[in-house]
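Structure first, commentary second.
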Amino acid sequence: MGGGFEIALACDLVYASEATQFGLPEINAGTLADAATIKLPKRMPYHVAMELLLTGRWMSAAEAARWGVVNEVMPDEAGVMDKAWEVARLLASGPPLVFASIKEVAREAEGARFQDVLDKVTRKQLPTVEALYDSEDGLEGFKAFAEKRKPVWKGR
């Protein structure tokens with residue numbers, strides 16, 4: 001709740017147990033849930049976000065998943081940890097330069113027109129995209145695909 005929910009809103013992937021509750025009780029202390037006030041209306045329907053922010057109402061993990069705030073709900077904390085490790089292993093085997101580009105392009109797109117961001121990508125005007133397109137990994141991905149093998153990512 002509160003700060004913990006705000007930290008979750010800063011995450012790219014969020015997994016929760018059935019027992020998890022989300023809340024923003026700052027309103028009850030007469031203060032602003034600053035990061036959540038900025039992020040939550042972008043992560044779920046505006047009117048639902050405003051209800052949580054304005055009332056301090058608690059939300060179950062199932063409701064958070066229904067609104068898209070949580071990726072998946074597991075039966076218990078052990079299930080959450082198992083899922084987190086599963087995803088961590090998957091990501092660790094992936095192309096690090098592409099991950100950085102995905103994050104940069106997604107952030108860039110938040111407040112911009114589609115075509116403007118697409119133009120920046122195709123013109124390599126974003127640092128991570130430029131690094132990716134000029135990298136060994138970029139070439140390795142194409143070669144591995146053409147050779148029908150798994151790529152070997154080096155992060156350069």
| request: Residues being touching a residue at least 12 places away in the same chain (Cβ under 8 Å) and farther than 21 Å from Lys39 by Cα: count how many of those fall in segment 111-123. | output: 2
| Counting just the residues of segment 124-156 that are under 14 Å from Glu104 (Cβ atoms) and free of Cβ contacts under 8 Å to residues at least 24 places away in the same chain, which one comes out nearest to the chain's Cα centre (by Cα)? | Pro127
| request: Name, by its number, the condition in (1) in contact with a Leu (Cβ under 9 Å, 6 or more places away or on another chain); (2) in contact (Cβ under 8 Å) with a residue 24 or more places away in the chain; (3) among the charged types (D, E, K, R) that does not hold for Glu108. | output: (2)
| From Glu136, Glu108, which residue is surrounded by 12 or more Cβ atoms within 10 Å (Cβ to Cβ) and either assigned by TED's automatic domain parsing to the domain that holds Ile38 or farther than 22 Å from Ser93 by Cβ (or both)? | Glu108
| message | Scan segment 59-66 and tell me whether some residue there is modelled with pLDDT under 95 and either within 17 Å of the chain's Cα centre (by Cα) or surrounded by 15 or more Cβ atoms within 10 Å (Cβ to Cβ) (or both). | response | no
| Lone qualifier among Met81, Met74 - being surrounded by 18 or more Cβ atoms within 10 Å (Cβ to Cβ) and closer than 11 Å to Ala16 by Cα | Met74
| field | Scan of segment 121-152 for residues that are among the aliphatic types (A, V, I, L, M) and part of a loop (DSSP other than H, G, I, E, B), ordered by number | value | Leu126, Val152
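The values are calculated or read from the model by the stated rules, or taken from the named source; none is laboratory data. Bear in mind the structure is a predicted one, so any value in this text is a computation, not a measurement. Backbone-built Cβ (ideal geometry, glycine too); neighbour counts: all protein chains shown.
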